[in-house]
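The values are calculated or read from the model by the stated rules, or taken from the named source; none is laboratory data. Keep in mind the model is a prediction, meaning the values are calculated, not measured. In this analysis, Cβ positions are derived from the backbone assuming ideal geometry, glycine residues included, and neighbour counts consider all displayed protein chains.
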Amino acid sequence: MPTHNDEVILCRCEGITLGQVRAAVQQLQPTSLRELKLVTRLGMGMCQGRVCRPIIQSVGQAMFQDRSETRLAYQIPTRPVSFGDFVKADDDYE
Amino acid sequence: MAVEVAVVGAGPAGLAAAGELGAAGFRVALIDEYPIPGGRLLGQRYHWKNLVWDGKQQAETLVDNVRQWHEVRWLLQRSVYDLERAPSGWALSLNPGDPSVVYAQAVVVATGATEVPIPLVNWTLPGVLAVGAAQVMTAVYGVAPGRRGVVVGANPLSFAIAEELLEAGVKLAGIVMAPGSENVDVVGSLDDQWQRIVGLRGGGAWPLRTLGRYMTHAWVRQFLMSHAPKSGVPIRGVRLRPNVVATAVEGTERVTGIRLARIADHDESIREGWSEPVDFVCVSGGLRPVPDLFRIARVKTAWVPELSGEVPVISPWGETSQTGLFAVGNAIGVESALVAIAQGHLGAHGVTRYLRGQSLDYRLAEPDQHRIQLAREQSPIAFHPKIGQGVEHLRALFLESLGAP
């Protein structure tokens, strides 16, 4: 298959390219997808993986032979929330 | 707000469930992020047998059915961002608030599926959009995404939406294949992509239908696909270009073209490259079920490729591993709207039994399960050629979980 160019953006929110991921893997030698995330901020932007999760999972599988498609965690809030609503929810909680 | 049932998602499955629950007399909260109920039905419009499948019309029928039950409260333009156990059942956190928390004795999760993106060089340029977004623009809002576009990635959704775009008078340079590399491979190898199109069903979408069954043989498929003309093979007016791969989007301020490459016969290496003018690009990596609320609620899930992704392990009544939490629709596997509606009915009947303290013996679900199977057989689109195997696999996982301590 044609190789993706190094300049292709994998994580749109944080603007992380394939080249940056390859360089980070070479220089910092993360041992897992989670470590790669922490050193590059891959998938850690505004969308919180709602757009890029399949791309990042595919990177994890290719680079770390991580066969688990479900490895990355899901965190609350699963959608962006304003602090005002967060506080209000706390008040309303029984 | 306290209700007996919260339904998350007002697409075909959620609407069908809410309609049945309303008819059974329950107090229901029906929650959806979008201002208009109907989910992905709203954009669907294609020829099916000798009829036109009009999703908007289908949605209206389902909505009208729900509206006659005044115990169903509509909570539109609100997202559920948390789901956790409460003394009375479940607590759902909503954004924007008012009510900010909905308490429900049972929950039906009908959150559907989301699109898989395909990364391309320059895909952040204005004019690159998910194929589903192009569908919503065209079919829901009546706005053409551009004059001449291209669809990158071949799957049932690409074909259905390309047909809609053509019908709306938009020109297409065809459906081309998605690129990959040793580091990023979202939709699989070229042959993986070909296999998915060969398995396509629906309205005679495959003119090589007579050749279709031979295409299950790898060498026949690879020979025919790699020898297709560069301009593609017409499939119901849409040009499929099985040996042409998109390598980059071109443009500076916005999309002005697409860089394409032809694949050499056996080894999938690039033979030649050229540019074609387009003013929009649709990326289409297919659909995946949305598992976020299941994972947040610690529901047991499994990765089932035939169901297009991570799905909850459910009982024949649609109940997840967490009591009182039911799942229906594309969130339990990507299938057509007809299947989602039938699953919505089943889930509602499961919830009804659960709330009334009646038996959830799975043999009692057989009539509803049979209706789902019928809907599956009648569906205009099969999103995966081996959906039946995926359903069987999920059922085996459920039976296995019964034996687990």
Go through A:36, A:72 for me and flag whichever is over 25 Å from residue B:111 (Cβ atoms) and touching a residue at least 12 places away in the same chain (Cβ under 8 Å).
A:36
Name, by its number, the condition in (1) closer than 23 Å to residue B:62 by Cβ; (2) surrounded by fewer than 19 Cβ atoms within 10 Å (Cβ to Cβ); (3) at pLDDT 95 or above that does not hold for residue B:346.
(2)
I'd like the full set of residues that are surrounded by 21 or more Cβ atoms within 10 Å (Cβ to Cβ) and either out of contact with any Gly (no Cβ under 8 Å at 6 or more places or on another chain) or at pLDDT below 75 (or both), limited to segment B:177-189.
B:179, B:184
Picked from segment B:166-175 (must be modelled with pLDDT of 95 or more and among the aliphatic types (A, V, I, L, M)), the residue farthest from residue B:228 (Cα to Cα) is B:170
With respect to residue B:366, determine if the residue is of a type in the set (Asp, Glu) and either within 27 Å of residue B:193 (Cα to Cα) or surrounded by 23 or more Cβ atoms within 10 Å (Cβ to Cβ) (or both).
no
Of all residues in segment B:94-109, which are closer than 22 Å to residue A:47 by Cβ and at pLDDT 95 or above?
B:109
Answer yes if at least one residue in segment B:336-344 is touching a strand residue (DSSP E or B) at 6+ places or on another chain (Cβ under 7 Å) and part of a helix (DSSP H, G or I), and no otherwise.
no
With the condition kept exactly as written, say whether any residue in segment B:153-161 is farther than 22 Å from residue B:309 by Cα and either in contact with a Leu (Cβ under 6 Å, 6 or more places away or on another chain) or among the aliphatic types (A, V, I, L, M) (or both).
no
Looking at this structure, is residue A:32 small (Gly, Ala, Ser) and more than 28 Å from residue B:84 (Cα to Cα)?
yes
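Here's the yes/no breakdown for (1) more than 24 Å from residue B:125 (Cβ to Cβ); (2) among the aliphatic types (A, V, I, L, M); (3) in contact (Cβ under 8 Å) with a residue 60 or more places away in the chain; (4) not in a helix (DSSP H, G or I):
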{"site": "B:221", "(1), (2), (3), (4)": "yes, no, no, no"}
{"site": "B:225", "(1), (2), (3), (4)": "yes, yes, no, no"}
{"site": "B:230", "(1), (2), (3), (4)": "yes, no, no, yes"}
{"site": "B:234", "(1), (2), (3), (4)": "yes, no, no, yes"}
{"site": "B:241", "(1), (2), (3), (4)": "no, no, yes, yes"}
{"site": "B:254", "(1), (2), (3), (4)": "no, no, yes, yes"}
{"site": "B:258", "(1), (2), (3), (4)": "no, yes, yes, yes"}
Only one of B:342, B:327 is touching a Pro at 6+ places or on another chain (Cβ under 9 Å) and more than 15 Å from residue A:74 (Cα to Cα), namely B:327
Could you give every pair whose Cβ atoms fall below 9 Å, whose first residue belongs to segment B:181-199 and is without any contact (Cβ under 8 Å) to a residue 24 or more places away in the chain and at the interface with chain A (Cβ under 10 Å from one of its Cβ atoms), and whose second residue is outside any helix (DSSP H, G or I) and hydroxyl-bearing (Ser, Thr, Tyr), counting only separations of at least 6 or pairs across chains?
B:181/A:3; B:182/A:3; B:183/A:3
Those residues of segment B:374-387 which are surrounded by 14 or more Cβ atoms within 10 Å (Cβ to Cβ) and part of a helix (DSSP H, G or I) amount to B:375, B:376, B:387
Subset of segment B:388-405, residues exposed (fewer than 13 other Cβ atoms within 10 Å of the Cβ) and either in a loop (DSSP other than H, G, I, E, B) or in contact (Cβ under 8 Å) with a residue 40 or more places away in the chain (or both), comes to B:404, B:405
Quick check: is even one residue across segment B:289-304 part of a strand (DSSP E or B), away from every other protein chain (no Cβ under 12 Å) and either crowded, with 22+ Cβ neighbours inside 10 Å or at positive phi (or both)?
no
Tell me, yes or no, whether segment B:106-126 has at least one residue that is without any contact (Cβ under 8 Å) to a residue 60 or more places away in the chain, buried (at least 20 other Cβ atoms within 10 Å of the Cβ) and within 24 Å of the chain's Cα centre (by Cα).
no
Here are B:278, B:313: which of them is β-branched (Val, Ile, Thr), more than 10 Å from chain A (Cβ to nearest Cβ), buried (at least 17 other Cβ atoms within 10 Å of the Cβ) and under 28 Å from residue B:181 (Cβ atoms)?
B:278
